[in-house]
1. If TRP270 satisfies every condition in (1) hydrophobic (A, V, I, L, M, F, W, C); (2) part of a loop (DSSP other than H, G, I, E, B); (3) buried (at least 20 other Cβ atoms within 10 Å of the Cβ) but one, which is the exception?
2. In this structure, is THR336 under 22 Å from the mean Cα position of the chain (by Cα), buried (at least 16 other Cβ atoms within 10 Å of the Cβ) and free of Cβ contacts under 8 Å to residues at least 60 places away in the same chain?
3. Going through GLU34, GLU40 one at a time, which residue ends up being surrounded by fewer than 22 Cβ atoms within 10 Å (Cβ to Cβ), touching a residue at least 40 places away in the same chain (Cβ under 8 Å), of a type in the set (D, E, K, R) and assigned by TED's automatic domain parsing to the domain that holds PHE116?
4. Any chance you could count how many residues in the range 307-317 are touching a strand residue (DSSP E or B) at 6+ places or on another chain (Cβ under 9 Å) and surrounded by fewer than 24 Cβ atoms within 10 Å (Cβ to Cβ)?
5. Please report, ordered by residue number, the strands (runs of 3 or more DSSP E) entirely within the range 548-620 with at least 2 residues that are in contact with a helix residue (DSSP H, G or I) (Cβ under 9 Å, 6 or more places away or on another chain).
6. What's the total number of residues in the range 122-144 that are under 26 Å from GLY366 (Cα atoms) and touching a residue at least 24 places away in the same chain (Cβ under 8 Å)?
7. Being in contact with a strand residue (DSSP E or B) (Cβ under 9 Å, 6 or more places away or on another chain), over 23 Å from LEU287 (Cβ atoms) and in the same structural domain as ASP95 (by TED's automatic domain parsing) narrows it down to one of PRO370, PRO335, PRO323, so name that one.
8. Counting only residues that are of a type in the set (A, V, I, L, M, F, W, C) and outside any strand (DSSP E or B), which one in the range 58-81 is farthest from SER112 (Cα to Cα)?
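The values are calculated or read from the model by the stated rules, or taken from the named source; none is laboratory data. Quantities reported herein were computed from a predicted structural model and do not represent experimental measurements. Glycine also receives a Cβ, built like all others from the backbone with ideal geometry; neighbour counts cover every protein chain displayed.
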Amino acid sequence: MFVRLMALAGFLFVSVATHVLVAQQQLQGPSIAERYSKREVRIPMRDGVTLHTAIYTPRDQSHAWPILMNRTCYSCQPYGAANYPSRLGPSKTIDDEGYIFVHQDVRGRWNSEGTFDNMRPHRDGDLPIDESSDTYDTIEWLLKNVPGNNGKVGITGISYPGFYSAAALPEHHPALVAVSPQAPISDFFFDDFHHQGSFLQSYLIATATFGYQHSGPTTQRWYNDPRPSSSDAWQFNMMLGPLSNASEFYGEDCFFWQEIVEHPNYDKFWQERSIIPHLKDVRANVLTVGGWFDAEDLYGPLHIYQSVEARNPGISNQLVMGPWGHGDWARGRGPTVVGNMPFGRDTSRYFQEEIEAPFFKHHLKGAGDPLPFEARVFDTGRREWSSFPAWPPADAVPSKLFLTAGGNLGTAAPATEADAQQSFTQYISDPADPVPYRERQDIKLQFTPRQYMTDNQKFATQRDDVLVFQTEVLTQPVTVAGPITARLQVSTDQGDADWIVKVIDVYPDDFPQLEGTPAGVTLAGYQMMVRSEVLKGRFRKSLEHPEPMIANEVTEVAVPLQDVYHTFLPGHRIMIQVQSTWFPLIDRNPQKYVDNIYKAKAEDFTKATHRVWHNGDHASAIEFLAVPAK
């Protein structure tokens, strides 16, 4: 099965070093070597395990320097005391300002000792070893053994290193005064490999990266990357069939795949891997960063910020959400384009120079002013930045748009006495003919898909198994600022269904091209996806204790769509799409209820008729927070 599957779909697996560690993507930079000395050490943890750590110290020893750390599971290469990366910190600006930079391989990865655990649970002090204790022990060693430090430490990282930054906060070392989790994973049932419990099949091949234990410290990759011969992700995943077939090439030695398969629900295994409940008694200054179009870790930054805010009143806790995909704020400068959508120039440079560098400079060096905001967020409709003293904004008003007969979307609730034939809109969902998550020619096998987050949804509008509801042309702006929930009244003639909801900004037919619009893309009439999410019907009451849907019984499914900050401008329309497949972004639901979808067989998959109800007794609506029009 492995050979046949790999021959069907090709993709050259992206190295994990290039996936996240932007600071280490290029060849050696001699200017770094001229300005910094490097040494590699093994720092002992409290249980005797040693962690490989690279320390870059400014050659200028005329004054003391603060320490800025990055802890990673993706390798702190290049290894060897004579080898330097082209960047040491999260930006060239921070490199130029000077810090003692510390890069560390986390426990059980690459050149460090120990056993790796994905999203290692935090133990709140009842057991001695977690990512917080490892960070604490590292800081304690650095303060005593690195000459010329000023006694202050910061930590930052993007994606998985963002989790390690957040995981340093509980019971943190007193010297840790500045922490910036960026695109942090917070809970693996909601970030990356799952969306609210639905498996991201688009991540299937990426499982190898996180799924194998090394036999001991190494500077060489110890797991094999699949290298299929074709990039046709659609064909690969269709031929794969049910996820139960994946076990034929991810065997028992891939511990992470086995954990995913054996824990299909939000049980204790996943719950204890969430860092969110442990973000209390924090005294450090926190700057959480995310991108509104981050396909991988959107849940993490929003919920980490909210948890720190709720549990630690009075500390400096700030949020930045920009017009970016995963980690885009740390990449190149120039026009910001996500997928097909341009959002202006130099948003990344603005973040690096006006937000990130001043944050660390103020808290670690005592220079400059503190950042003058609580939340700095980008309006992806107006294409401009705003600052707020709280997020969501205090003046945001709870609002609703109702899905009504004829594909309409409006503020008026449907009447109770609506004609029975207009009480619902139905469609047939067929797992054998799933709705693609983007146009077929754009579906590629890659580490993780990203560009689809702003895709034109016209291709889906044309399908019979996608329901479309839209407003009249807006005469006033509608600014959505904060979380969105799709509260659907639904039924099915089977025992389960995926409920996928997309919020879309429909551009006018005369909308002009914007600077930075990619070649071949026309923005006139564009249906830009603003937000999308999925929830399985089985999880409608509980993520931990799933229940089958009762055939033909109307029930509520509330789909959380996460936060947005987006203005739907006059001349535009707001569109909602509802569907039940989203392939191969997420796995296909058999629709026949099975206890564990990862173990479902081909014969368990069946067509189903789904209904979205919209009468006075069963009104479906989109709930959101709206801020007053400017």
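1. TRP270 satisfies every listed condition except (2).
2. Against the criterion (under 22 Å from the mean Cα position of the chain (by Cα), buried (at least 16 other Cβ atoms within 10 Å of the Cβ) and free of Cβ contacts under 8 Å to residues at least 60 places away in the same chain), THR336 does not qualify.
3. Of GLU34, GLU40, the one residue that is surrounded by fewer than 22 Cβ atoms within 10 Å (Cβ to Cβ), touching a residue at least 40 places away in the same chain (Cβ under 8 Å), of a type in the set (D, E, K, R) and assigned by TED's automatic domain parsing to the domain that holds PHE116 is GLU40.
4. 4
5. 555-568, 573-579
6. Of the residues in the range 122-144, 10 are under 26 Å from GLY366 (Cα atoms) and touching a residue at least 24 places away in the same chain (Cβ under 8 Å).
7. Sole residue among the options that is in contact with a strand residue (DSSP E or B) (Cβ under 9 Å, 6 or more places away or on another chain), over 23 Å from LEU287 (Cβ atoms) and in the same structural domain as ASP95 (by TED's automatic domain parsing): PRO335.
8. In this case the residue turns out to be ALA64.
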